[in-house]
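Let me begin by presenting the structure, written as structure tokens, before commenting on it.
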Amino acid sequence: MLLLWVLPKKKRESSYKEESKIEKVKQIAILVASQKFVFVAQRAFPQGFRTIDLTTNPNFIEFTPDFIKSEMPFFGRGYSGIGYGGDIGMKFEGKPIEFSIVKAKKTFELNAIVRGESDVYRIMLSISYEGSATLTINSNNRSSISYYGEIFKIEKKKDK
């Protein structure tokens, strides 16, 4: 006689959710350890302004230890070095002067400094173990701005 023990439906669902969460945490840890990923924002939090939805606004910041490229929008105050109507957002690229990733209690903390054409950008990215992240960019010429979003694997560009 064969006896089968079947978990109740609620137990199966929670077990599946836990396994799925554990797998997601492992994938994020591998991605962060590779030091090559892209952050895509869903919301912007400019100083002194309302939260701005970015889900329909293309944006990203690509991280590698040797090169950082930012195509992030900017909302806030410019102090100097920005001509009237000439604001191009937080768009910069370059080899980081500093680049480090440290594992904290519940997050991974990335800190980098990149020198742009006419500014220096201090970048702090706090990544949760599930992949959501908060990005803060400080600049000499603009007010600080924060973004909330997620990190992803960098997709290879396809040649046409």
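So GLU117 ticks every box in (1) at pLDDT 90 or above; (2) open to solvent by 20 Å² or more (accessible area, probe 1.4 Å); (3) part of a loop (DSSP other than H, G, I, E, B) but one. Which box is left unticked? Failed condition: (1). In a residue-by-residue description of segment 89-103, the property of being open to solvent by 50 Å² or more (accessible area, probe 1.4 Å) and touching a Gly at 6+ places or on another chain (Cβ under 9 Å) applies to at least one position. Looking across segment 134-148 at every residue that is touching a Phe, Trp or Tyr at 6+ places or on another chain (Cβ under 6 Å) and among the small types (Gly, Ala, Ser), the one that is least open to solvent (accessible area, probe 1.4 Å) is identified as SER139. Of the strands (runs of 3 or more DSSP E) lying entirely inside segment 15-79, those containing at least 2 residues that are closer than 21 Å to GLU130 by Cβ are 37-46, 61-63. Condition check for GLU109 on (1) open to solvent by 20 Å² or more (accessible area, probe 1.4 Å); (2) at pLDDT below 90: one failure, at (2).
Scanning segment 137-153 for residues that are closer than 29 Å to ILE30 by Cβ and not in a strand (DSSP E or B) yields a count of 1.
Within segment 87-130, which residues are under 30 Å from LYS21 (Cβ atoms) and of a type in the set (A, V, I, L, M)? Of everything in segment 87-130, those that are under 30 Å from LYS21 (Cβ atoms) and of a type in the set (A, V, I, L, M) turn out to be ILE101, VAL102, ALA104, LEU110, ALA112, ILE123, MET124, LEU125, ILE127. Among all positions in segment 73-81, there is no residue which is closer than 22 Å to LYS156 by Cβ and either crowded, with 16+ Cβ neighbours inside 10 Å or in contact with a helix residue (DSSP H, G or I) (Cβ under 8 Å, 6 or more places away or on another chain) (or both). Considering only segment 110-126, state which residues are touching a Ser or Thr at 6+ places or on another chain (Cβ under 6 Å) and closer than 16 Å to ILE151 by Cβ. Residues satisfying the conditions are ASN111, MET124, SER126.
The values are calculated or read from the model by the stated rules, or taken from the named source; none is laboratory data. Bear in mind the structure is a predicted one, so any value in this text is a computation, not a measurement. Glycine gets a Cβ as well: all are built from the backbone with ideal geometry, and neighbour counts include every protein chain shown. Calculation scope for accessible area: heavy atoms of the full protein, side chains included, ligands and nucleic acids excluded. Shrake-Rupley method; radii C 1.70, N 1.55, O 1.52, S 1.80 Å.
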